[in-house]
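Accompanying notes for the structure given below.
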Amino acid sequence: MSVVRILLVEDDRSIANSVVEGLTAEGFSVDHAGTGAAALAATGYDMVLLDLGLPDMDGRDVCRQLRTRTSAPIIMLTARAEEFDRVLGLELGADDYITKPFSPREVVARIKSVVRRAALVSVDDRPLEVGSVVLDPVTRRVTAGGEPVSLTATEFDLLAHLMSNPGRVYSREQLLSEVWGYAAIVGTRTVDVHVAQVRSKLGDSCPIRTVRGVGYSAEASESS
Ligand code: CA
């Protein structure tokens, strides 16, 4: 795998230094931005670690704006005291969050999990097709009825996971552990939020079905 470039957006110098040190030791390439404005000016990264409390901008606004210009995974760094609404964060386009105080080791583990997920999907090069939705694991592009659809990294991975085994029913817990890779940390509501977002983006062509009392599966619509 080529070197993963990470953009770290963090104004606290001692936190930034320890994260940069930890990630660099693991072979990641890290660019550091101390403000929201610097983060929005940065380019060429594969993943973003984004502090919620920045001196010049609200981290939520930075997240929202970053999401309009990149599909790179965004992990929010949140202080316990800040009462961050996690579901809202995910709706803004963040893929994950880590609560402060954290150890550089925890950050590294979480990043590796996100990298592994992204790499897992591209092991098999065949485009996946269910109904009128086509998902290409190589280019990470999705079309519905031939029209391109823009998904976040996690939305893409969730849809790819379901579409790779059409008709198979997955529980929320299974999806958390197989798509997110760390079932214990985020709640199953996270799965519902992402499914709702994929549905709103794909509209009537969305192949994700709710299996009452169980979870979700991908199936072609039966309507003609
Ligand atoms: Ca801060």
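Summary table below
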| item | result |
| --- | --- |
| Subset of region 59-76 (residues that are open to solvent by 10 Å² or more (accessible area, probe 1.4 Å) and within 11 Å of the ligand (Cβ to nearest atom)) | none |
| Members of region 1-29 found to be at pLDDT below 95, aliphatic (A, V, I, L, M) and under 21 Å from Arg117 (Cα atoms), listed by number | Met1, Val3, Val4, Ile6, Leu23 |
| Of the criteria (1) out of contact with any Cys (no Cβ under 7 Å at 6 or more places or on another chain); (2) on the phi < 0 side of the Ramachandran plot; (3) surrounded by 15 or more Cβ atoms within 10 Å (Cβ to Cβ), which one Val198 fails | (1) |
| Region 29-58 - residue that is assigned to a loop (DSSP other than H, G, I, E, B) and within 14 Å of the ligand (Cβ to nearest atom) and, of those, most open to solvent (accessible area, probe 1.4 Å) | Pro55 |
| Among residues of region 1-23, those that are away from the ligand (no atom under 16 Å from the Cβ), surrounded by 13 or more Cβ atoms within 10 Å (Cβ to Cβ) and more than 21 Å from the chain's Cα centre (by Cα), counted | 1 |
| Any hit, region 143-164, residues being open to solvent by 50 Å² or more (accessible area, probe 1.4 Å), at pLDDT 85 or above and not in a loop (DSSP other than H, G, I, E, B) | yes |
| Candidates Glu129, Glu178 - the one that is of a type outside the set (A, V, I, L, M, F, W, C), modelled with pLDDT under 90 and surrounded by 15 or more Cβ atoms within 10 Å (Cβ to Cβ) | Glu178 |
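The values are calculated or read from the model by the stated rules, or taken from the named source; none is laboratory data. Computed from a prediction, not measured in an experiment: that's the story for all the values here. Neighbour counts run over all protein chains shown; Cβ positions are idealised from the backbone, glycine included. Quick note on the areas: whole protein, heavy atoms, side chains included, nothing else; ligands and nucleic acids left out. Shrake-Rupley method; radii C 1.70, N 1.55, O 1.52, S 1.80 Å.
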